[in-house]
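Participant: Before we start, here is the structure in question, set down as structure tokens.
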Amino acid sequence: MEARLNLFGNPLGTTLLQHFSAAGKAVSGSALPAATRDLVLLRASQINGCGYCTDMHVKDAAHAGESAVRLHLVAAWREATVFTDAERAALELTEEGTRIADAAGGVSDEVWANAAKHYDEEQLTALVATIAVINAFNRLNVIVRQPAGDYQPGQFG
């Protein structure tokens with residue numbers, strides 16, 4: 001499989017990716033736990049069918065010390081016992097925030113309130129920004145059919 005566009009090889013694509021990455025890096029320095037951020041990035045990428053981002057976030061999370069069991073169970077987090085209540089709230093917000101078009105009201109008040117029980121305002125800001133940025137990356141990569149499998153941990157570090 002070959003990408004429809006070489007986003008890494010044209011000036012506008014490079015500039016766009018730099019800006020998207022800068023937004024993601026702003027969040028990485030927040031008080032949102034890194035493990036939660038990794039789970040959110042992976043779950044949104046799974047929902048959106050972005051192979052490139054799924055590959056990247058599995059490898060980066062594993063490299064950072066996340067367990068294989070938790071990575072394998074992200075897609076089935078509701079039935080899994082390996083996630084904290086806070087992580088479960090973040091994953092639920094990720095799902096509703098990623099599937100906005102599927103819910104006429106967007107993110108429900110119940111899901112928001114559950115996330116707000118576990119995260120302070122700065123962490124919620126980081127969580128919402130993480131969900132928004134990964135959805136943008138996912139859509140970009142899915143549209144251009146960016147191939148998955150060759151990513152190396154820290155490649156864009």
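The values are calculated or read from the model by the stated rules, or taken from the named source; none is laboratory data. Computed from a predicted model, the values in this text were never measured in an experiment. Here the Cβ is made from the backbone with ideal geometry for all residues, glycine too, and neighbour counts use every protein chain on show.
Participant: Could you tell me whether any residue of region 20-33 is over 24 Å from GLN152 (Cβ atoms), touching a Ser or Thr at 6+ places or on another chain (Cβ under 8 Å) and assigned to a helix (DSSP H, G or I)?
Facilitator: No, every residue in region 20-33 fails to be over 24 Å from GLN152 (Cβ atoms), touching a Ser or Thr at 6+ places or on another chain (Cβ under 8 Å) and assigned to a helix (DSSP H, G or I).
Participant: For residues that are of a type in the set (Gly, Ala, Ser), over 16 Å from the mean Cα position of the chain (by Cα) and loosely packed, with under 15 Cβ neighbours inside 10 Å, tally how many sit in region 8-62. Outline the logic, then answer.
Facilitator: Filtering region 8-62 down to residues of a type in the set (Gly, Ala, Ser) leaves 9, 13, 21-24, 26, 28-31, 34-35, 44-45, 49, 51, 61-62.
Those left that are additionally over 16 Å from the mean Cα position of the chain (by Cα): 9, 13, 31.
Within this subset, residues satisfying the condition of being loosely packed, with under 15 Cβ neighbours inside 10 Å are 9, 31.
Total meeting the criteria: 2.
Participant: Still on this structure: Just to be sure before I move on: is LEU5 modelled with pLDDT under 95, of a type outside the set (Asp, Glu) and either over 18 Å from ASN135 (Cβ atoms) or surrounded by 18 or more Cβ atoms within 10 Å (Cβ to Cβ) (or both) in the structure I sent? Steps first, please.
Facilitator: On the way: modelled with pLDDT under 95: yes; of a type outside the set (Asp, Glu): yes; either over 18 Å from ASN135 (Cβ atoms) or surrounded by 18 or more Cβ atoms within 10 Å (Cβ to Cβ) (or both): yes.
Taking the combined requirement at face value, the residue satisfies it.
Participant: Yes or no: ALA76 within 22 Å of ASP55 (Cα to Cα), exposed (fewer than 14 other Cβ atoms within 10 Å of the Cβ) and hydrophobic (A, V, I, L, M, F, W, C)?
Facilitator: yes
Participant: Pairs please, first residue from region 67-86 and within 13 Å of ARG43 (Cβ to Cβ) and without any contact (Cβ under 8 Å) to a residue 40 or more places away in the chain, second anywhere and part of a helix (DSSP H, G or I) and of a type in the set (S, T, N, Q), Cβ atoms under 9 Å, 6+ apart in sequence or on different chains.
Facilitator: Matching pairs, first to second residue: VAL74/GLN46; ALA75/GLN46.
Participant: Taking ALA26, is it over 19 Å from ALA62 (Cβ atoms), in contact (Cβ under 8 Å) with a residue 12 or more places away in the chain and hydrophobic (A, V, I, L, M, F, W, C)?
Facilitator: Numbers: over 19 Å from ALA62 (Cβ atoms): yes; in contact (Cβ under 8 Å) with a residue 12 or more places away in the chain: yes; hydrophobic (A, V, I, L, M, F, W, C): yes.
Yes.
Participant: Checking the condition under 20 Å from LEU140 (Cβ atoms) and touching an Asp or Glu at 6+ places or on another chain (Cβ under 7 Å), which residue from HIS19, HIS57 passes? If you could, list the steps in order and put the result at the bottom.
Facilitator: Values: HIS19 fails: touching an Asp or Glu at 6+ places or on another chain (Cβ under 7 Å).
Exactly one residue qualifies, and that residue is HIS57.
Participant: Contact list please: Cβ distance under 7 Å, first residue in region 139-152 and in a loop (DSSP other than H, G, I, E, B) and surrounded by 12 or more Cβ atoms within 10 Å (Cβ to Cβ), second residue polar (S, T, N, Q) and modelled with pLDDT of 95 or more, pairs at least six apart or on different chains.
Facilitator: Correct list of pairs: ALA148/THR54.
For (1) over 24 Å from VAL27 (Cα atoms); (2) of a type in the set (S, T, N, Q), each residue gets a yes or a no:
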{"position": "ALA103", "(1), (2)": "yes, no"}
{"position": "ALA113", "(1), (2)": "no, no"}
{"position": "ASP120", "(1), (2)": "no, no"}
{"position": "ALA126", "(1), (2)": "no, no"}
{"position": "THR130", "(1), (2)": "no, yes"}
{"position": "ASN135", "(1), (2)": "no, yes"}
{"position": "ASN141", "(1), (2)": "no, yes"}
{"position": "PRO147", "(1), (2)": "yes, no"}
